[in-house]
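Okay, so here's the structure we're looking at.
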């Protein structure tokens, strides 16, 4: 039976240890395996901001693996387009973790890649991810301005080259994310649900939930996590695609469930307020990359302005187009007012919009 473990607690290391000891990960591990741990370090922001994986969770995973007898362990990641993975490793506490356990940090931005195909979809995947025997996916449970949810399945986007990340946006995020998860197998998911941002993937408005979710199947785990942030699994495009590809089943009453320390659940859970939803009426988006789109939403959120006289255009679909509106990023550089950058800095977007 498929199983999900949910453990509650404010001591992140202890909560992760308890979840690992209660889940069925040992059913799939073998002592001679090489293991890669893939956190979410999309930006160099501390975990308490709601954007990135708590290093204490990865610390617990490394201790667990070493106690079991796993000797070959590495931490792999590639921050989103326009940011520096090495900076994220350092700023988010993973450089210190690497020294503590003598575990290498692998920046996939400088890694080679192999292109695989399923049907009409080709995906280039970093070789350090493909070459490991067992991939432990350690995403943050949080909302996303374009896909509504980012968790285990979408976290694998950190295992593809930057050029491929851009291409995913140009062909529609959902189907290639599902195919990526078909081609790159996750060994186990340990979800950081401690304080993910339930409105914005870049963090800044974290919500204290103090939980860690563990499970084998990323689609089943993600469908459970979607419901935790108020979304039906069938609202998330890549979950529907994944189910149709045979990646797994949505969480249901047939899924085995173990809940630990339920008395430690936070008493108050605030209403979910997604900044991106407030500005949908003024944003004309066509194949925008997440980093670019997030800069715009963050700027609008900071300015607190939900209306402009002209539409704001953003995304790769506006390359070569021009007009009287507002353009965000190099792809929309043909518009009357625009901010350059790939992605543009949110501060530059703020300055431009504030002057209108």
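Figures for the structure shown
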| item | result |
| --- | --- |
| Amide N of the stretch 47-76 lying under 13 Å from the label point, which is placed 7 angstrom from the Cα of residue 13 along Cα→Cβ | 55-64 |
| Peptide ranges 146-156, 206-216, 91-101, 231-241 listed from the most packed, as the mean C-beta count within 10 angstrom indicates | 146-156, 206-216, 231-241, 91-101 |
| Extended-chain gain in nm, criterion 0.36 nm per residue less alpha-carbon gap, residue 163 and residue 101 | 19.1 nm |
| Where labels lie 7 Å past Cα in the beta-carbon direction, separation of residue 257 and residue 308 in nm | 4.4 nm |
| Residues 280, 287 arranged by fewest to most Cβ contacts within 10 Å | 280, 287 |
| Tilt relative to the chain, helix 346-355 - C-alpha long axis, 0 to 90 degrees, to 10 | 30 degrees |
| FRET efficiency, residue 115 to residue 66 (Cβ-Cβ, R0 35 Å, nearest 0.05) | 0.55 |
| Overall dimensions of the stretch 79-179 as given by Cα atoms, namely Rg and Dmax in Å | 14.3, 44 |
| Cα long-axis angle, helix 290-303 against the chain (0 to 90 degrees, to the nearest 10) | 70 degrees |
| Additional length obtainable on full extension of the chain from residue 348 to residue 86, 0.36 nm per residue less Cα span | 91.9 nm |
| Alpha carbon Rg of the chain, scaled by the compact-globule rule 2.2 N^0.38 Å | 0.97 |
| Using alpha-carbon coordinates, inclination of helix 174-183 to the longest axis of the chain, degrees | 30 degrees |
| Whether the stretch 276-356 is rounded, prolate or oblate, judged on the alpha carbon gyration tensor where a/c under 1.5 counts as rounded | rounded |
| Helix-only mean residue ellipticity at 222 nm for the chain, each DSSP H run of n ≥ 4 adding -39500 (n - 2.57), per residue, nearest 500 | -9000 deg cm²/dmol |
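Any read-out appearing in this document is the output of simple, stated calculations on the displayed coordinates, not a laboratory observation. Here the structure is a predicted model, which means the values were calculated and not measured. We place every Cβ from the backbone using ideal geometry, glycine too, and count neighbours over all the protein chains shown.
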